[in-house]
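The structure appears right after this line, and notes come after that.
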Amino acid sequence: MSYSLVCIECGKEHGEESYTCDCGGLLEVRFKDVEVDFKLDGNPWGVWKYRCLLPVKIDPVTLKEGGTPLYRCDSLSKELNCRVYVKHEGANPSGSFKDRGMTVGVTKALELGKKAVACASTGNTSASMAMYAAKAGLKAYVLLPAGKVALGKVAQALMHGAKVIAIKGNFDRALELVRQVCKEMNFYLLNSVNPFRLEGQKTIAFEIVDELGFVPDYVVLPVGNAGNISAIYKGFKELKQLSLIDSTPKMIGVQAKGANPIYKAVMEGKDVIEPVTNPETVATAIRIGNPVNARKALRAIYESKGTAVEVNDEEIIQAQKDLARKEGIGVEPASASSLAGLRKLVENGYIGSDETVVCITTGHLLKDPEIVLKVCGQPIEVPAEFEEIIKVL
Ligand code: F0G
């Protein structure tokens, strides 16, 4: 296998340490001479099963990421009158899909001889990066929007030993700043503008096909910085180019109403976004107004003949409760937006009966315990007496 790093806008080739082209375009990895040595045999055990399509040359830094469960959701299928599956990325080592990207990204950092990695984050990227940096023996630096990151994620980044800096600004500003910092300090940038990180995330597509044995009609997922939807679509496209499948699913991006630049662009048929200046949503993971991968994401949506949908906070929380209470799947609010989005598309007739939908739930319930207490209330406290307990049952 060989590969090159190419600008998606002008086609210029770049060295492995570039993140973007001089023309401003995003970069992507393109493969040549791939010899497929895995079988889509119903056993998607993890990211590194698909190593022949992952652009690294050294032994990977791995915490056994990927191989996440794909649940058939009978209760939701009945209610929504279509075949609903949930791929639960919350089951990754750090509790989110970011681990798929970090195993590749941190391995690349070592390969390039870097001593430190850095990211801006709404939380999950930082938790995952800190974990993999610890495993690799690299220093980790994190910029977060102060007061807007769920508690579990900050706890992870701190415990895994990252230097965590909270800025009085939002994620978009943190990303601008960390890009500057990385240039100045020679840190390896591990936000999703890093094309190697996205290579790891494309394995979600491989695992879906591997486990289902066919290509679903739709893949529905939350969109924040817009890397994951681009990565997953690339995964399906590569399987098609290798003649392992003969179609790709329609990609559906779900955004929160207060942070919806991709949704707006799709509704207007545009291929560039207009940033949202003060993004706001209960789903803090996707509280992003200026997604860096917008161009890739819009291509994925248009090329796959998919669409975008927006959901409000109430719809997100309802979907979070439904996943937890009807299917036993515990997810954080951003992840629940996938089900909230699917519900909208079924209601307006976009998705019909007999169609198969895979919702990606991107992060675990325990990432954001504070929101749970807000929407579910506190446990009932009673004196330690049998009668008192019977009274409240
Ligand atoms: N869901 C969760 C739980 C996330 O943490 C994120 C992104 C997304 C969805 C959106 O994915 O950015 O690829 O479109 N979280 C980033 C972070 C921004 O810093 O953890 P995307």
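The values are calculated or read from the model by the stated rules, or taken from the named source; none is laboratory data. Model, not experiment: these values are computed from the prediction. Heads up, the Cβs are rebuilt from the backbone with ideal geometry, glycines too, and the neighbour counts pull from every protein chain shown. Side chains are part of the model used for accessible areas, which takes the heavy atoms of the whole protein and leaves out ligands, DNA and RNA. Shrake-Rupley method; radii C 1.70, N 1.55, O 1.52, S 1.80 Å.
For (1) more than 12 Å from the ligand (Cβ to nearest atom); (2) open to solvent by 20 Å² or more (accessible area, probe 1.4 Å); (3) of a type outside the set (Phe, Trp, Tyr); (4) not in a helix (DSSP H, G or I), each residue gets a yes or a no:
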position	(1), (2), (3), (4)
Ser192	no, no, yes, yes
Arg197	no, no, yes, no
Ala231	no, no, yes, no
Ser243	yes, yes, yes, yes
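Are any residues in the range 256-309 among the hydroxyl-bearing types (Ser, Thr, Tyr) and either part of a loop (DSSP other than H, G, I, E, B) or not assigned by TED's automatic domain parsing to the domain that holds Gly341 (or both), and if so, which ones?
Passing the criteria: Thr277, Thr281, Ser304.
Of the conditions (1) within 13 Å of the ligand (Cβ to nearest atom); (2) open to solvent by 10 Å² or more (accessible area, probe 1.4 Å); (3) of a type in the set (A, V, I, L, M), Val215 clears all except one; give me its number.
The failed condition is (1).
Report yes if Lys344 is basic (Lys, Arg), modelled with pLDDT of 95 or more and assigned to a helix (DSSP H, G or I), otherwise no.
Yes.
Could you check the range 277-326 and list, in sequence order, the residues that are basic (Lys, Arg) and under 21 Å from Asn191 (Cβ atoms)?
Within the range 277-326, Arg287, Arg295, Lys296, Arg299 qualify.
Is it fair to say Asn312 is closer than 23 Å to Ile229 by Cβ, open to solvent by 80 Å² or more (accessible area, probe 1.4 Å) and at pLDDT 95 or above?
No.
Specify the residue that is nearest to the ligand (Cβ to nearest atom); the eligible residues are those in the range 201-212 that are in contact with a helix residue (DSSP H, G or I) (Cβ under 7 Å, 6 or more places away or on another chain) and β-branched (Val, Ile, Thr).
Among those that are in contact with a helix residue (DSSP H, G or I) (Cβ under 7 Å, 6 or more places away or on another chain) and β-branched (Val, Ile, Thr), it is Ile204.
I'm trying to understand the selection: among the residues of the range 352-393, which are within 28 Å of Val331 (Cβ to Cβ), without any contact (Cβ under 8 Å) to a residue 40 or more places away in the chain and either of a type in the set (Asp, Glu) or in a loop (DSSP other than H, G, I, E, B) (or both)?
Gly377, Gln378, Pro379, Ile380, Glu381
Given the conditions (1) surrounded by fewer than 18 Cβ atoms within 10 Å (Cβ to Cβ); (2) within 17 Å of the chain's Cα centre (by Cα), which single one is not true for Asp271?
Answer for Asp271: the failing condition is (2).
Among the residues that make up the range 181-189, is at least one of them within 13 Å of the ligand (Cβ to nearest atom), surrounded by fewer than 24 Cβ atoms within 10 Å (Cβ to Cβ) and hydrophobic (A, V, I, L, M, F, W, C)?
Checked against the condition, which is being within 13 Å of the ligand (Cβ to nearest atom), surrounded by fewer than 24 Cβ atoms within 10 Å (Cβ to Cβ) and hydrophobic (A, V, I, L, M, F, W, C), the range 181-189 yields at least one hit.
Which one of Lys264, Lys257, Lys250 is over 29 Å from Lys148 (Cβ atoms) and open to solvent by 30 Å² or more (accessible area, probe 1.4 Å)?
Lys250
Name the residues in the range 9-31 that are closer than 14 Å to Ala294 by Cα and either assigned by TED's automatic domain parsing to the domain that holds Ser230 or among the hydroxyl-bearing types (Ser, Thr, Tyr) (or both), would you?
Within the range 9-31, just Thr20 meets the criteria.
Quick one: count up the residues across the range 82-101 that are open to solvent by 10 Å² or more (accessible area, probe 1.4 Å) and near the ligand (Cβ under 9 Å from one of its atoms).
Matching residues across the range 82-101 total 2.
Just a yes or no: is a residue in the range 73-88 farther than 25 Å from Ser335 by Cα, in contact (Cβ under 8 Å) with a residue 24 or more places away in the chain and more than 16 Å from the chain's Cα centre (by Cα)?
no
Run down Asp368, Asp354 and say which single residue is in contact with an Asp or Glu (Cβ under 8 Å, 6 or more places away or on another chain) and either open to solvent by 60 Å² or more (accessible area, probe 1.4 Å) or at pLDDT 95 or above (or both).
Asp368
Of the residues Ala205, Ala133, only one is free of Cβ contacts under 8 Å to residues at least 40 places away in the same chain, assigned by TED's automatic domain parsing to the domain that holds Gly289, part of a helix (DSSP H, G or I) and not polar (S, T, N, Q); which?
Among Ala205, Ala133, only Ala205 is free of Cβ contacts under 8 Å to residues at least 40 places away in the same chain, assigned by TED's automatic domain parsing to the domain that holds Gly289, part of a helix (DSSP H, G or I) and not polar (S, T, N, Q).
Quick one: Ala265 ticks every box in (1) out of contact with any Gly (no Cβ under 7 Å at 6 or more places or on another chain); (2) more than 15 Å from the ligand (Cβ to nearest atom) bar one, so which box is it?
For Ala265, the exception is condition (2).
On the basis of being under 30 Å from Thr307 (Cβ atoms), away from the ligand (no atom under 16 Å from the Cβ) and not hydrophobic (A, V, I, L, M, F, W, C), does Glu176 make the cut?
So Glu176 fails the test.
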